[in-house]
Amino acid sequence: MSWKDTYQIWKNEPSLESGLKQELDQLTGNDEQLEDAFYTPLSFGTAGMRGLLGPGINRMNIYTVRQATEGLASFMDTLDQSVKNRGVAISFDSRHHSQEFAHEAARVLGHHGIKSFVFESLRPTPELSFTVRHLKTYAGIMITASHNPKEYNGYKIYGEDGGQMPPKESDLITSYVRKATDLFTIEVADEKQLQDDHTMTIIGDDVDQDYLANVKTVTINPELAKEEGKDMKLVFTPLHGTGQMLGEKALQNAGFTNYEIVAEQAKPDGDFSTVTKPNPEDAAAFDLSIKLGKKIGADVLIATDPDADRLGTAVRQPNGEYQLLTGNQIASILLHYILEAHKQANDLPDNAAAVKSIVSTEFATKIAESYGVTMINVLTGFKYIAQQIEHFEATGEHTYMFGFEESYGYLIKPFAHDKDAIQSLVLLAEVAAYYRHQGKTLYDGLQELFKEYGYFREKTISQLYEGVGGPEKIKALMKKFREEAPSEFAGHQVVTTEDFSTQTRTDANGTTSKLDLPVANVLKYILDDETWIAIRPSGTEPKLKFYVGTNADSLEAANQKLTDFENALNEFSK
């Protein structure tokens, strides 16, 4: 069936929701946008689905949400009744239609007789992860597009461990999603009836209190936090998302009372009206925080993304200006503080381990090794960190200390099994208090770590390929890097090539060995100066991502190397 045929089905569908019908009418004659909306179903994979809002099978709307949930429900129908009876927890963020999508998902599940536990109002992604574990549901659904622009929304499925659904189950769910081809015949139950018979339960403050009680355990030195917390000036912004309510309560519980919220960004707003991108990786997202920070002389500025699973920070420099830290730098500072605190308390476990993705900094590895702590590398995707936590708990092989991804996601305590910006907010405030107690700032702390471990610099370069031809362009570039494998970048020789699609490691002399990580469409090169370069398609967006990690004896030299490698990558990928 062509995209035009699919478009006509939607256009002629009498039950099409009125808002979507109006949007569809507005697209009449715009074949380019119509083709993109109807040429293929919205991609659904291990990370769920994410896309532009609007009418069409390649868009986020109530019909594609019903289709995704029908896939989950049909899969759960194959499980033992006792497992199915545990139900599904559902949460949502501040984006347009998020609450509507959450309730539509509950209605589809209800038609299958599957219980749902739906938050009364928006809540962070990490609380959804916690809730799955806390209520012992079989699965969880989070309606969010994380840090994407306002035009997007998304749908994540979580497994019973609180991590995103692992590949085996996700693939099965995907197969059921694809069987639900007629989006307009997917049946939904009456919501009032579901609530009356307790198939759909509204949850809220009771779960919040249990989650916040766990967040209290993140604070390592409560006395220090309270002593410095009453004076240390901190600016916090939830960037119009879910972070304020729990973030404020978590700060207050830890003793941090001298903070200010960026008022213009405090309320949930699906338009993200004060920022172009609600992303704590983006310097512009800190403009209002910096303005407020300068006004009150804040020691540190902290931002969480719309679903509060990612966190970024800007730290005050000696000249009074604020500098953004990268996700890798934040993770390294947090890890160092955790390990040093346990060392000082003489309770650092002999089998302590940290976990990071293969595209995250080796800065943290150097720090971990200096404390005799194992650093374990996993594929990109926090579910792989969650799997390591499950393995540790089942075998006792290691004690989990910290996990992170370079994309501003960190997990301190594993009562949630996904990256958690509420936990990170509290601990980062404590680290700032730790340095303040010494008459220093977080900026000073980072400089000390550089001097001790070397000047590490990393960069993620994203190339966007939108539209119908986007996937083929990405595929062609990955093929080029494989078939025309580069032997050097910026004058440095490739000494090892790792191809996770074939699970092979190949040295420059041709010697091969097997990688022990799962199959993934990722390439990684290690160069003769310990620089590494990785390439992978994004799992949620039409992007090809390049990662570069390097180090040198000075920050200037590390920055120059980073520039040289970026230029070499751009040249090769033309």
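The values are calculated or read from the model by the stated rules, or taken from the named source; none is laboratory data. All of these numbers come straight from a predicted model, not from anything done at the bench. Glycine gets a Cβ as well: all are built from the backbone with ideal geometry, and neighbour counts include every protein chain shown. We work out accessible area using only protein heavy atoms, side chains counted, and drop any ligands, DNA or RNA first. Shrake-Rupley method; radii C 1.70, N 1.55, O 1.52, S 1.80 Å.
Could you tell me whether any residue of region 82-100 is small (Gly, Ala, Ser), touching a helix residue (DSSP H, G or I) at 6+ places or on another chain (Cβ under 9 Å), open to solvent by less than 40 Å² (accessible area, probe 1.4 Å) and closer than 18 Å to Tyr176 by Cβ?
Step one: filter region 82-100 for residues small (Gly, Ala, Ser), giving 82, 87, 89, 91, 94, 98.
After this cut, where a residue has to be touching a helix residue (DSSP H, G or I) at 6+ places or on another chain (Cβ under 9 Å) as well, the list is 87, 89, 91.
Still in the running and open to solvent by less than 40 Å² (accessible area, probe 1.4 Å): 87, 89, 91.
Still in the list and also closer than 18 Å to Tyr176 by Cβ: 87.
Within region 82-100, one or more residues are small (Gly, Ala, Ser), touching a helix residue (DSSP H, G or I) at 6+ places or on another chain (Cβ under 9 Å), open to solvent by less than 40 Å² (accessible area, probe 1.4 Å) and closer than 18 Å to Tyr176 by Cβ.
For Val188, work out the one condition from (1) over 30 Å from Thr78 (Cα atoms); (2) buried (at least 16 other Cβ atoms within 10 Å of the Cβ) it doesn't fulfil.
The single condition Val188 does not satisfy is (1).
Of Ala189, Ala180, Ala225, Ala145, which residue is under 24 Å from the mean Cα position of the chain (by Cα) and among the aliphatic types (A, V, I, L, M)?
Working: Ala189 fails: under 24 Å from the mean Cα position of the chain (by Cα); Ala180 fails: under 24 Å from the mean Cα position of the chain (by Cα); Ala225 fails: under 24 Å from the mean Cα position of the chain (by Cα).
On inspection, the qualifying residue turns out to be Ala145.
Just checking: which of the strands (runs of 3 or more DSSP E) contained wholly in region 462-574 hold 1 or more residues that are farther than 21 Å from Gly381 by Cα?
492-499, 504-507, 512-514, 523-527, 543-552
Where residues in region 39-80 are in a loop (DSSP other than H, G, I, E, B) and of a type in the set (S, T, N, Q), which of them is surrounded by the fewest Cβ atoms within 10 Å (Cβ to Cβ)? Before the answer, list the steps.
Of all residues in region 39-80, those in a loop (DSSP other than H, G, I, E, B) come to 39-44, 46-47, 54-59, 61, 77-80.
Those still in the list that are of a type in the set (S, T, N, Q) too: 40, 43, 46, 58, 61, 78.
Numbers: Thr40: 15, Ser43: 17, Thr46: 22, Asn58: 21, Asn61: 28, Thr78: 10.
Among those residues, the one meeting the criterion is Thr78.
Give the residues of region 104-116 that are open to solvent by 30 Å² or more (accessible area, probe 1.4 Å), touching a residue at least 60 places away in the same chain (Cβ under 8 Å) and over 13 Å from Gly140 (Cα atoms), sorted by residue number.
Within region 104-116, Arg107, His111, Gly113 qualify.
Can you name every residue in region 519-554 that is surrounded by fewer than 17 Cβ atoms within 10 Å (Cβ to Cβ) and in contact with a helix residue (DSSP H, G or I) (Cβ under 7 Å, 6 or more places away or on another chain)?
Selection gives Asn521 alone.
Given (1) closer than 21 Å to Ile412 by Cα; (2) among the charged types (D, E, K, R); (3) open to solvent by 10 Å² or more (accessible area, probe 1.4 Å), where does Asp299 come up short, assuming only one miss?
(1)
Look at region 329-357 and say how many of its residues are of a type outside the set (Lys, Arg), open to solvent by less than 10 Å² (accessible area, probe 1.4 Å) and out of contact with any His (no Cβ under 8 Å at 6 or more places or on another chain).
The qualifying residues number 11.
Taking region 404-449 as the search range and keeping residues that are of a type in the set (Gly, Ala, Ser) and either out of contact with any Ser or Thr (no Cβ under 9 Å at 6 or more places or on another chain) or closer than 19 Å to Lys216 by Cβ (or both), which one is surrounded by the most Cβ atoms within 10 Å (Cβ to Cβ)? Don't jump to the end; show me each part of the working.
Within region 404-449, the first condition is being of a type in the set (Gly, Ala, Ser), and the residues that meet it are 407, 409, 416, 421, 424, 429, 432-433, 439, 445.
Applying the additional criterion that residues be either out of contact with any Ser or Thr (no Cβ under 9 Å at 6 or more places or on another chain) or closer than 19 Å to Lys216 by Cβ (or both) yields 416, 421, 424, 429, 432-433, 439, 445.
Details: Ala416: 29, Ala421: 31, Ser424: 29, Ala429: 27, Ala432: 28, Ala433: 24, Gly439: 7, Gly445: 19.
The residue in question is Ala421.
This table checks each residue for (1) touching a residue at least 40 places away in the same chain (Cβ under 8 Å); (2) among the charged types (D, E, K, R); (3) open to solvent by 10 Å² or more (accessible area, probe 1.4 Å).
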position	(1), (2), (3)
Val132	yes, no, no
Leu135	yes, no, yes
Gly140	yes, no, no
Glu151	yes, yes, yes
Lys179	yes, yes, yes
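Just to be sure before I move on: is Thr174 under 30 Å from Ala298 (Cβ atoms), open to solvent by less than 60 Å² (accessible area, probe 1.4 Å) and among the hydroxyl-bearing types (Ser, Thr, Tyr) in the structure I sent?
Against the criterion (under 30 Å from Ala298 (Cβ atoms), open to solvent by less than 60 Å² (accessible area, probe 1.4 Å) and among the hydroxyl-bearing types (Ser, Thr, Tyr)), Thr174 does not qualify.
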